[in-house]
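One structure below.
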């Protein structure tokens, strides 16, 4: 038997954990998973976008408000995963239909591919900065390609190992963060940070900052049910993810704002969303942490993207290894597009336009239309309550299109004084609720049951011994 065949069979066995699972993890464990997951360089560098576009106090306020607001959506969607045992993209079958769910699944894969490119570029730029400072050689595209190639190899061969060491990387990251905060605020006072002149030419208003922060939460919500279905109860999932996500996001984004403010006050050139800028101020230890965090997070992104594709259709899956190789090659080629880093804000806005309506629809569908219960019909390949018309709920699709369109228009064509994200969510919420009320009236309330009971209980998280076990399960079970 060839190495390729043996590896293919091994990966297929891992990818078979696509059905509903019964979570066993405590509130503390879920909180630690979310804390570790979001202590990543992209969240940190997002904070660098806000200074000096707005003053430091405003930036911090928008970070807190936007994070808490986004966490409400994240925890509500995650709780559906806890109650059903299904990952986020599988849950879209409830609202969009068995076949209609392929639309948000496709959008999810596109978004994850974009994230993999961005993170590979950040790793490449960081390595390039270190190499250039030591040798004078510079080729950020080369280092981005090498970084993403390593990510793809790890996604295929070593994702379980990465999951085990990621909590330790989070501890290291927290230590570096504490050191940076201490260095920054013992060198300059909070009043000096607040006094940094605002540069209005950067084009970010407080409302735009708020939208970017909420869009970050939306980008994580695509994995919220994947993580929270590991929780042993709704309380553990909601409180754990809410606290873990809020703390990690506020800490990471505030760190980015503080780090860039430190560079400005030190007389350096402040370039937002450039790891070299803050690495130059705080040295090689921060560069090493940035690189390792990218490797850990991006490995899980690529692995989750592949499992989403191979499990997109119930009962008819693609093979894992060839799919991983194809998607991996695309991700490597895309990592050469360094210009995407200059359009990161637009990338976040695109995520919001795609998925704010999706999550509004999912929340209405589960909690109000289906009355907090999805039946085992959601696991069927054909027929049942979630078949709608030829497997598609065209009402959900139409409302999604409207929500995405107005999100774009209210961002770029007719900017609203309150931003686009919250109004787009509210409009989508109301439209879908009104359009689907007849469906709610036609069906009696179904008994709420964990779907793992319908197909045989599959426990995740073992005996709640380690965060590493839970994160491995998240990666293995990330599925459409």
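Screening residue 65 against (1) surrounded by fewer than 24 Cβ atoms within 10 Å (Cβ to Cβ); (2) more than 19 Å from the chain's Cα centre (by Cα); (3) modelled with pLDDT of 85 or more; (4) assigned to a helix (DSSP H, G or I) leaves a single unmet condition, (2).
Of the residues 106, 98, only one is surrounded by fewer than 19 Cβ atoms within 10 Å (Cβ to Cβ) and either within 16 Å of the chain's Cα centre (by Cα) or not in a helix (DSSP H, G or I) (or both); which? Result of the check over 106, 98: 106. Within the stretch 4-27, is there a residue that is crowded, with 24+ Cβ neighbours inside 10 Å, over 30 Å from residue 264 (Cα atoms), modelled with pLDDT of 85 or more and touching a helix residue (DSSP H, G or I) at 6+ places or on another chain (Cβ under 9 Å)? Within the stretch 4-27, one or more residues are crowded, with 24+ Cβ neighbours inside 10 Å, over 30 Å from residue 264 (Cα atoms), modelled with pLDDT of 85 or more and touching a helix residue (DSSP H, G or I) at 6+ places or on another chain (Cβ under 9 Å).
Checked against (1) surrounded by fewer than 24 Cβ atoms within 10 Å (Cβ to Cβ); (2) at pLDDT below 95, residue 217 passes all but a single condition, namely (1). Looking across the stretch 221-239, the residues that are closer than 30 Å to residue 58 by Cα and crowded, with 24+ Cβ neighbours inside 10 Å come down to 221, 222, 223, 224. Would you check if there is a residue in the stretch 194-201 being in contact (Cβ under 8 Å) with a residue 12 or more places away in the chain, surrounded by 16 or more Cβ atoms within 10 Å (Cβ to Cβ) and part of a helix (DSSP H, G or I)? So far as the stretch 194-201 goes, no, none of its residues is in contact (Cβ under 8 Å) with a residue 12 or more places away in the chain, surrounded by 16 or more Cβ atoms within 10 Å (Cβ to Cβ) and part of a helix (DSSP H, G or I). The residue of the stretch 413-425 that is surrounded by the fewest Cβ atoms within 10 Å (Cβ to Cβ), among those that are in contact (Cβ under 8 Å) with a residue 40 or more places away in the chain and in a helix (DSSP H, G or I), is 422.
The values are calculated or read from the model by the stated rules, or taken from the named source; none is laboratory data. Because the structure is a prediction, the values reported are computed rather than measured. We place every Cβ from the backbone using ideal geometry, glycine too, and count neighbours over all the protein chains shown.
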